[in-house]
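One structure is given here, and the rest of the page talks about it.
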Amino acid sequence: MSYCEKCGSKCDDGAAFCKNCGARLRACQPPQGPPRQMPPQQPPVTPQQPYAPSPQQPQKDSRKPLMIMLFVLIGVIVALGVVIAIILFSKNTAEAKTFDFTCSQYNAEMNRIMGDDKLKEDKWNITEANAVYIDDSFNINLDLDKKSEKIKSIKVGPSDSEDAAKIAAASLMIVEPAADQRSALIMLAELKEGSQKEIIKEKTLVYIDKTEKEYIIEPKPDDREPQTALTAVTEATDKTKTSQIETTLPATTVEPTTQKPEYKAEDYVRTEKECEVKYGGSFLITGEEVGGSKTARCRQPQLTIDSADAKAVNSEIKANTDQFFDGYSKNPDYPMGRNDYVCYINGNILSLVNEFRSTDTPNSSFLVYNFNVETGELLSNSDIMSAAGVNEAEAYKMVKGDMLPRFKELEGKASNPTLESQIETVQSRTLASENVTKSDFFLNGDGKLCACYRYYWVAGAENYGALAVLDATYKE
């Protein structure tokens, strides 16, 4: 046994290096004796020389590469986690894409558009996942988001039903700000005909499920662009957004039907209460005779349209009302009269007819005003004739046709030549172009073209006011 001179450790006899510090054991000599014999079956093994750092060179830190690898691994894991989170977030966002309203809000908006409480709240069958409405001629299925209860898609069927097409068009008007009733129906017609497989608008994707026979309206996917062709079609149509579905959806064309228009006349005309207060001191404003007392009916209309034309008309109506009732109040022996009005709306055309009439005679005076409720513009007789699809010559010819029967019944009944001459005179004055062209035109509640005119007579007042319903109808 020998010892290492460098570290003092014990060394095996015959060892060339210190097993503790690796120093060569030149100074260590084994005890004298016969040389050690190696087993013949094992080849001689040359011991690997361990690395011995130089005393002048500091030993390197073997942990540094491991630390670098660890940091790299952590960075990869973090980056991978971020990517996974983004993917999951995007997936969740896509799954949660909805329209910005609930079933209840959809129902209310549909009734505003369709009118007459088309959808009844109590007919909805609502669960967490969907809301179903079943009617005789159509059905609606709303896919709902469970958390927000907002609508993920609108399904209306059957696609071959005219009522279903109207419901789908109204639904599209709710979710697509640029859609009006005409462009919505054009879209559905193109889908039904197969000229378009799907239509992508600013906020919606619309298509037909051929298997289920349903119109499908969904929020537009973020990676899809609106179709320019349909945008051009929409821009070319009437941009007036109506809230009534006034058309049907046949196989190839869109034809007008009789439906209530979007606008309501009462939204643009009100009764002036001050009229009743002003003329209520000396007689009853009841429209009926009360115990022989002097009575009147005073319903003075006032337009609520915010335009210069409407303000001018309101002033004119008020002045005429004052003049009419002041004349009666100054003559206590003269029967009382009435001021009343009716108003109609067709599309965006408001027609207001103000009547002044004595209670004891059939003599009436009519003031007629027609307005475009969207622009606030006062419309002319020509505008109303055009809306009914006739020109001035055709309209005045129809007015004359209504005047003639008033005189036909008197023919052959005159008792003397003087009266016969008078009848010829008043008929001639009535049918004169100067009188006929003073007629005022409006559209009634059925969309019929009407005229207010004056005819001359042989007794009583010199002339009387009359209303005529003509053979022409409003065309949108």
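Here are GLU162, GLU198: which of them is surrounded by fewer than 23 Cβ atoms within 10 Å (Cβ to Cβ) and in contact (Cβ under 8 Å) with a residue 40 or more places away in the chain? Explain how you work it out, then say what you get.
Details: GLU198 fails: in contact (Cβ under 8 Å) with a residue 40 or more places away in the chain.
After applying the criteria, what remains is GLU162.
Scan region 424-449 and report the pairs whose first residue is within 14 Å of ALA468 (Cβ to Cβ) and in contact (Cβ under 8 Å) with a residue 24 or more places away in the chain and whose second residue is part of a helix (DSSP H, G or I) and of a type in the set (Ser, Thr, Tyr), with Cβ atoms within less than 7 Å and a gap of 6+ or a chain change.
Pairs found: VAL436/TYR396.
Of ALA312, ALA319, which residue is within 24 Å of LEU443 (Cα to Cα) and at pLDDT 85 or above?
Values: ALA319 fails: within 24 Å of LEU443 (Cα to Cα).
Of ALA312, ALA319, the one residue that is within 24 Å of LEU443 (Cα to Cα) and at pLDDT 85 or above is ALA312.
In region 93-128, what residues are of a type in the set (Lys, Arg), at pLDDT below 85 and over 19 Å from PRO219 (Cβ atoms)?
Restricting attention to region 93-128, the residues satisfying the condition of being of a type in the set (Lys, Arg) are 97, 112, 118, 120, 123.
Next cut, at pLDDT below 85 only: 97, 112, 118.
Answer for region 93-128, where residues must be of a type in the set (Lys, Arg), at pLDDT below 85 and over 19 Å from PRO219 (Cβ atoms): ARG112, LYS118.
Under 9 Å by Cβ, and 6 or more places apart or on different chains, what pairs join a residue from region 451-476 that is on the phi > 0 side of the Ramachandran plot with one that is at pLDDT below 85?
Hits for this filter: GLY460/THR361; GLY460/PRO362; GLY460/ASN363.
The values are calculated or read from the model by the stated rules, or taken from the named source; none is laboratory data. Just so we're clear, the structure is a prediction, and the values are computed from it rather than from any experiment. Backbone-built Cβ (ideal geometry, glycine too); neighbour counts: all protein chains shown.
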